[in-house]
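Read through the structure below, which is laid out as structure tokens, and then see the notes.
The values are calculated or read from the model by the stated rules, or taken from the named source; none is laboratory data. No experiment lies behind these values; they were computed from the predicted model shown. Using ideal geometry, Cβ is built from the backbone for each residue, glycine included, and neighbour counts are taken over all protein chains shown. Surface accessibility is based on the protein's heavy atoms, side chains included, excluding ligands, DNA and RNA. Shrake-Rupley method; radii C 1.70, N 1.55, O 1.52, S 1.80 Å.
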Amino acid sequence: MLFDAGTWSLITDVLAAVFILAGAFLTFAAGIGALRFPSLLARMHAVTKPQVLGLILLLIGLSLRVRSWSAVAMLALVVAFQLLTAPVGAHLVSRAGFRTGKVDESELQPNQMEPDDDEHTA
Amino acid sequence: MVVVVIVAVTLVVTAAVLALIRIEKGPSMLDRALGLDLLTASLVGAIAIEAAWVRRTETIPILVALSLVGFVGSVALSRFAAREPEGEGRVRSPEEVAAQARASDVMRTEHGHGGTAAAEAPDEQDEQDGGRTSGRGWRS
């Protein structure tokens, strides 16, 4: 063993603290972005940070702290579900934004939702 | 660890408060859906930080449930509530309700199908949002 048990515990706790702080900072940054960004799609870009990367960082920190394989398995399940559901929600919100005219289409270069482009809007 | 938890919880709670402000400001239902997403994310973060603090695993199933159903709100909003008819955001007076009923009756007799034109009308763009962006030159 390179270190004794107490030193390993300290190392994992410090790593967990770093991961938790990083995840919490991403959540905070998303809050700032959701409040200050000017358009719907820009706000959506900010809000997706804590949903995926922030969640992964926080759960890595949590699993370094609890150190049990059953907990790690459930946390991996949480990440998998979030990776499945977050894109679905963001896609539906942005599509509803397009269809109700809340997105400034002159900002989009290129605009793949062009009305005369049947391939992308079908 | 105590300092780390205090700092992390402060960051997450600040994010939740900012999400609440965005929910209150709108301007559209979709922005409120985004605010709800952020509120769910910060709730998951707060539960994770608390579980990390006291080293317990009983609250982890809450995270599983939240990650499964957290998107239902924004999906339901974007599927069914994104199209806000004109004047839907406030309580109408009885005179306005009667006037709209008369108008839809007239439309039904004229076109043979009632009430769809009003529902198809796109939402008015928010003046507050446009003014803010043009003032800061974000889109230039």
In the set A:VAL72, A:VAL52, which member is closer than 22 Å to B:THR10 by Cα and either among the small types (Gly, Ala, Ser) or surrounded by fewer than 19 Cβ atoms within 10 Å (Cβ to Cβ) (or both)? A:VAL52
Would you pick out the residues in segment A:1-42 that are in contact with a Phe, Trp or Tyr (Cβ under 9 Å, 6 or more places away or on another chain) and either at positive phi or more than 9 Å from every other protein chain (Cβ to nearest Cβ) (or both)? A:MET1, A:LEU2, A:LEU10, A:ILE11
Within segment A:12-30, can one find any residue that is surrounded by 13 or more Cβ atoms within 10 Å (Cβ to Cβ) and not in a helix (DSSP H, G or I)? no
If I go through segment B:1-38 residue by residue, how many of them are open to solvent by 20 Å² or more (accessible area, probe 1.4 Å) and closer than 19 Å to A:LEU41 by Cβ? 7
Answer yes if at least one residue in segment B:40-60 is open to solvent by less than 40 Å² (accessible area, probe 1.4 Å), free of Cβ contacts under 8 Å to residues at least 60 places away in the same chain and over 19 Å from A:PHE25 (Cβ atoms), and no otherwise. yes
Filter segment A:43-64 for residues that are within 8 Å of chain B (Cβ to nearest Cβ) and either on the phi > 0 side of the Ramachandran plot or not β-branched (Val, Ile, Thr) (or both) and give the result. A:ARG43, A:MET44, A:PRO50, A:GLN51, A:GLY54, A:LEU55, A:LEU58, A:LEU59, A:GLY61, A:LEU62
Given the condition on the phi > 0 side of the Ramachandran plot, more than 7 Å from every other protein chain (Cβ to nearest Cβ) and of a type outside the set (S, T, N, Q), answer yes or no: does some residue in segment B:12-22 qualify? no
Can you name the condition, by its number, that B:LEU20 falls short on among (1) at pLDDT 85 or above; (2) more than 30 Å from A:SER39 (Cα to Cα)? (2)
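Counting only residues that are outside any loop (DSSP other than H, G, I, E, B) and either over 20 Å from the mean Cα position of the chain (by Cα) or surrounded by 17 or more Cβ atoms within 10 Å (Cβ to Cβ) (or both), how many does segment A:31-41 have?
6
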Of the conditions (1) crowded, with 20+ Cβ neighbours inside 10 Å; (2) among the hydroxyl-bearing types (Ser, Thr, Tyr); (3) more than 8 Å from every other protein chain (Cβ to nearest Cβ), A:SER106 fails just one. Which one is it? (1)
Conditions: (1) of a type in the set (D, E, K, R); (2) exposed (fewer than 12 other Cβ atoms within 10 Å of the Cβ); (3) at pLDDT 55 or above. B:ASP105 meets all but one. Number of the miss? (2)
